[in-house]
Amino acid sequence: MTATAFAPPRPGPFERLRRQLVAEIEATVGRHDEPALYEGEPGDPGLVGGPDSVSWELHGDLATLATAGSGAILMELLHPSVMAGVFSQSSYRTDTLRRARNTLGYVLRTTFASTPAATRVIESVKRVHARIEGVRPDGVAYRALDPELIAWVHTSIPWAVMNAYDRYRRRLSLEEKNRYLREQAVIGRMGGADAVPESVDEVQAYFERMRPLLCFSEQTRSFLDFLAGHDVDPPTTRVDRFDRWSSIRASMDLMPEWAQRLTGTYVPEPVRRSFLRPHARLRARFVRWAVPELPCKQMALARVAAGSATRADEPVVTRDRSAALAR
């Protein structure tokens, strides 16, 4: 028999499309499969509770994180001190892909990395932030390690993620939402926040308290223009700019209406129902089809299962309880 008789079959068109999507996704946000982070002591559940936590279910869904991303970032940047630090001391214009990977990486590492590795990640970010301080255009001094700023940035992310999962994956009960926010509050406090909301009611009240401190400045407008594909090099196409327009607004649709109006991303309810949400749901399904489970979650599940197998002296089979819940 010839060697060709043992060659694996060529992938079909759907598998080729899936591989292409995976390659494009990983080129943008990275793969997130570093053994030094996600392997470790057998049985170690990490910082937020392990496989039975709500955080592992939500953060294991790349489609949810992608949908939530721009809304969470814009919400963060409505605080003028956060915006000033990003505008003057960030490389978002010149090193966009690295910034995107690091932002997603922080969420994944603090969720799925071993306890020592996740702790090191948080401490590393704090050391970087310790060097970031300055004066806003309105003359107010800021420093990145201000507990108020850390709490604001922290709270914006899980709120967007929780709402994205609830809308585009499966409905979450109030108890699940509150449990998720409590799990994530651990990360916020370790990051340097003094007080972090731990329930839906607390987050909503917190947003209202913070609202008078927020604004849509010229710096925020410049960032949003960049995010939307305007004034960038190389120039974007009209189709790409429309895709960004819809994605940004679908993501901001997860945030309070007053934040949508403040950023100019508000669209009427009929447009949201007939276009934005169906478009976001279709995009999420494509991402979920291409990447049904992130490598870092698979590695973390194996790490926890190894501990159970050691204790029971027998193999342990883990099952992702979220796999059957897709809508």
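The values are calculated or read from the model by the stated rules, or taken from the named source; none is laboratory data. Computed from a prediction, not measured in an experiment: that's the story for all the values here. Neighbour counts are summed over all protein chains in view; Cβ atoms, including those assigned to glycine, are modelled from backbone coordinates with ideal geometry.
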Worksheet item: Which condition breaks for S124 when tested against (1) closer than 28 Å to R303 by Cβ; (2) of a type in the set (S, T, Y); (3) surrounded by 15 or more Cβ atoms within 10 Å (Cβ to Cβ)?
Response: (3)
Worksheet entry | Filter pass, S53 being surrounded by fewer than 23 Cβ atoms within 10 Å (Cβ to Cβ) and closer than 30 Å to G139 by Cβ | no
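Residues are listed down the side, and each one gets a yes or a no for (1) touching a Lys or Arg at 6+ places or on another chain (Cβ under 7 Å); (2) outside any helix (DSSP H, G or I):
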| residue | (1), (2) |
| --- | --- |
| R10 | no, yes |
| R16 | no, no |
| Q20 | no, no |
| E24 | no, no |
| D33 | no, yes |
| E41 | no, yes |
| L47 | no, yes |
| A63 | yes, no |
| A72 | no, no |
Fill in: Which listed residue, of V239, V232, V203, is under 23 Å from Y106 (Cβ atoms) and either under 18 Å from the mean Cα position of the chain (by Cα) or of a type outside the set (S, T, N, Q) (or both)
V203
Worksheet item: Only one of (1) part of a helix (DSSP H, G or I); (2) in contact with a helix residue (DSSP H, G or I) (Cβ under 6 Å, 6 or more places away or on another chain); (3) at pLDDT below 90 is not met by D231, so which one is it?
Response: (1)
Fill in: Residues of the stretch 147-185 satisfying the condition of being aliphatic (A, V, I, L, M), in a helix (DSSP H, G or I) and farther than 24 Å from K126 by Cβ
M162, A164, L174
Practice prompt. Report, by residue number, each residue of the stretch 175-207 that is surrounded by 17 or more Cβ atoms within 10 Å (Cβ to Cβ), farther than 19 Å from G50 by Cβ and in contact with a Pro (Cβ under 8 Å, 6 or more places away or on another chain).
Written response: G192, A193, V203, Y206, F207
Worksheet item: Out of all the residues in the stretch 304-314, is one or more in a helix (DSSP H, G or I), modelled with pLDDT of 95 or more and surrounded by fewer than 16 Cβ atoms within 10 Å (Cβ to Cβ)?
Response: no
Worksheet, complete the sentence: The lone condition A118 fails out of (1) farther than 18 Å from L213 by Cβ; (2) modelled with pLDDT under 95 is (2)
Fill in: Selection count where residues are of a type in the set (G, A, S) and in a loop (DSSP other than H, G, I, E, B), scope the stretch 204-217
1
Practice prompt. May I ask you to say which residue of L213, L174 is touching a residue at least 60 places away in the same chain (Cβ under 8 Å) and out of contact with any strand residue (DSSP E or B) (no Cβ under 8 Å at 6 or more places or on another chain)?
Written response: L213
Response to the item:
Taking the stretch 186-203 and keeping only residues that are assigned to a helix (DSSP H, G or I) and either without any contact (Cβ under 8 Å) to a residue 24 or more places away in the chain or closer than 22 Å to I122 by Cβ (or both), one is left with V186, I187, G188, R189, M190, G191, D201, E202, V203
